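The structure appears below as structure tokens.
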Amino acid sequence: MDRRTRRGAEAAADDIVFDRGRFTIAGTDRSVGIGEVARRSFEASYLPNDIETGFSERANFGPVDSATFPSGAHLAEVEIDIETGAVALTRYVAVDDVGRVLNPLVCEGQIAGGIVQGVGQALLEELRYDAESGQLLTGSFLDYAMPRADDLCDFALGGNPNPTTKNPLGVKGVGEAGTLGAIPAVLNAVNDALFSAGAPAVAAPATSEKLWRALRAAAPSA
């Protein structure tokens, strides 16, 4: 049996009026709420044969060719304690192009916050798992190190705004600008210091233990 025969009387699409959450056949008192329509959409007997059950839709409301490309240059200077491997971030300078800046204070705060996140990834933060069970071993802030105020130095931040033509405001992204610049800047500074000591390079996170072991490997044999 054609499942459409199980439905009630039909109405033309142009006769359907939607108002205040209900669909009504114009000129009648016959109506149905949007909630009921959504529920019935999953019942095949209420649908034409050529329509799948359920509601699903996807749309892109962005303009064509809307990508913008912020850029910047970040420079970090560090000192490594040879005896402990502890890293001190002694200087940090950054210049970013995020397009037209609408709120300088918020923009600077966004970049500074991103830098802190990048420093954390470069030096401290690491997910470690038990090799046999797969259990996460760094599941709390007692085990997972995040940067604190005393891990940081003052940031010297500058801007080189070049407004984009791809949106009316001329703005570009700034949400991750500090993070993307800080990770390579800090890690390159660390490995440059290791290189000057004859020690092998390390991968992020450049923890004190990793640096201590790298420096011990470079130390002359007793």
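Numbers for the structure displayed
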| quantity | calculated |
| --- | --- |
| Residue satisfying all of: in region 37-76; of a type in the set (D, E, K, R) and at negative phi; surrounded by the most Cβ atoms within 10 Å (Cβ to Cβ) among these | R40 |
| Qualifying residue in region 115-131 (condition: under 30 Å from S66 (Cα atoms), aliphatic (A, V, I, L, M) and under 23 Å from the mean Cα position of the chain (by Cα)) | yes |
| Some residue of region 97-108 being part of a loop (DSSP other than H, G, I, E, B), over 15 Å from S71 (Cβ atoms) and in the same structural domain as I80 (by TED's automatic domain parsing) | yes |
| Residue identified as in a strand (DSSP E or B) and modelled with pLDDT of 85 or more among V17, V37 | V17 |
| Enumeration of residues in region 51-92 that are farther than 30 Å from L187 by Cβ and of a type in the set (V, I, T) | I51, T53, V64 |
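The values are calculated or read from the model by the stated rules, or taken from the named source; none is laboratory data. Since the structure is predicted, the reported quantities are computational estimates derived from the model, not experimental observations. All Cβ positions, even for glycine, are placed from backbone atoms using ideal geometry, and neighbour counts span all protein chains on display.
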